[in-house]
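Student: This structure is in structure tokens; I'll ask about it shortly.
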Amino acid sequence: MNRREFIKLAGISSLSLMIPGLRCLALDSTQKQTDRRLIVILLRGAVDGLSIVAPYADSLYYDLRPQIAVAPPGSEGGLIKLDNHFGLHPALEPLLPVWQEKKLAFFHASGSPDPTRSHFQAQDYMETGMPGKRALTTGWLNRVVSHLALKDAPIKALNIGPVLPRIFSGPAQIATITSRVEPVKSSLDNPAIQSLFHDLYSNQQDELCRAFQEGLTARNEINKDLKAADSDKEQLSANHGAPLLRSNDPWGRQLAKLLRRAPFIRVVFLDFGGWDTHVAQGAGRGNLARRLAPLGGGLADLINGLGPLFHDTTIVVMSEFGRTVKQNVNNGTDHGHGNVIWLMGGTIPGGKVYGRWSGLAANALYEQRDLPITTDFRSILSAVLSEQVGIAKKDLGEIFPNFQGKGNPFIQA
């Protein structure tokens, strides 16, 4: 262990809050500081977009899903009407005010164009931003962080989970806290030891001293913020590396309080598991509904908890792929293709279901079984990054290499 590694270890690396390779953050004179935030949520396991935003006006939806189709609007346990064709799953009713305020939008028949139905490969492509290219070592969200212009920020980005996910892999500095959102402790909490380190690394002209001071400041700030957050500290159960959501889960309130108290955090990633509904998926009620309810409630808590900060915040919810249009023999659904991407935020042109919808007839489906992908997820993210997050359009080619979008997907034909 060399001297620099020891400083990092003493400052933060021994904690469940890890900020590797801290350095001074200088603001280039050509860059512009922004207060905009991006929160990305990945639903691991391939959530059923046809239940989240269901085409109730298409009779084939009910023919192909006799046991699991959600009833039309106005029925008991039925969909919440969004427009004359689509309805929202009733478990997501807490998000209705956000829709009515035109700060929530959906992109249907969207996702990664790669044909894989492997969870591992599909999640990998959604996280690297390069479908079909497995050699890429960095995640698109890490590349976004690299293009953020922030001055004197202890940290720019926060991962909530036990390990750094592929989407955040790369050279940009990312803070990681476990899904158990609580302050962290180390020997540095001992005043005598802390005093010794302060004496040893008090020279502000020394790069290593500055690195130690920045690490200590970031650690203290996060600990202070977490102590002020919600007192409910029960850890979420794990599901293939991503936690399962439970009824009345406080994750949204906790995250909102943390972001209000840590305004320097600009990018957040978290994921939830349990969406691989092969058996007994349910309709307006059932297994899927029990997962969606704490997701919708947590998102509403997050939005309400952010208060005025929500105006400059964009929330993206996505999954690796969708599920089959037709239910299987176990009253569930199997791995599919096209899905629905959710977008929320103060500047999102919401109140609409976007995307080119071609119907559910067999000849309109991908391989005659799945929703096709009529909008590449990178087109949606590129528009969000440019219009809502403030990333320069010239930098989008570095965030999504070799991708050429076909104009702004929010502008409908």
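Student: Using the crude model of +1 on Lys and Arg Cβ and -1 on Asp and Glu Cβ, and no other charge, please compute the dipole size for the range 272-339 relative to its Cα centre, in debye to 20. Please list the in-between numbers first.
Tutor: Values: 5 positive and 5 negative charges, 65 e Å.
The calculation lands at about 320 debye.
Student: I would also like to ask the following. Would you compute, for the Cα atoms of the range 299-346, the largest minus smallest coordinate along each principal axis and list the three values in descending order, in whole Å?
Tutor: That gives 47, 18, 12 Å along the principal axes, largest extent first.
Student: Along its three principal axes, how long is the range 95-146 when you only count alpha carbons? Whole Å, largest extent first please.
Tutor: Extents along the principal axes: 43, 30, 14 Å.
Student: Hey, got the dipole for the range 29-182? About the Cα centre, +1 on K and R Cβ, -1 on D and E Cβ, debye to the nearest 20?
Tutor: That gives a dipole near 700 debye.
Student: Quick one: what does P(r) look like for the range 342-397 with 10 Å bins over all Cα pairs, in whole %?
Tutor: 20, 38, 26, 15, 0
Student: Next question. What number, in nm² with one decimal, is the all-direction average of the projected area of the convex hull of the alpha-carbon atoms of the range 274-413? Each step should come with its number before you reach the end.
Tutor: Working: hull surface 40.6 nm².
That works out to 10.1 nm², a quarter of the Cα hull's surface.
Student: Next question, about the same structure. Could you give the dipole magnitude of the range 348-410 about its Cα centre, charging the beta-carbon of Lys and Arg +1 and that of Asp and Glu -1, in debye to the nearest 20?
Tutor: 160 debye
Student: In the range 316-413, which GluC sites (Glu not before Pro) fall in coil by DSSP and have 15 or fewer other Cβ atoms within 10 Å?
Tutor: Sparse-neighbourhood loop GluC sites (Glu not before Pro): Glu367.
Here, each number is a calculation from the coordinates, and none is a lab measurement. Note that the coordinates shown come from a computational prediction; the quantities given were computed from them, not determined experimentally. Cβ coordinates were reconstructed from backbone atoms using ideal geometry, including for glycine residues, and neighbour counts include every protein chain displayed.
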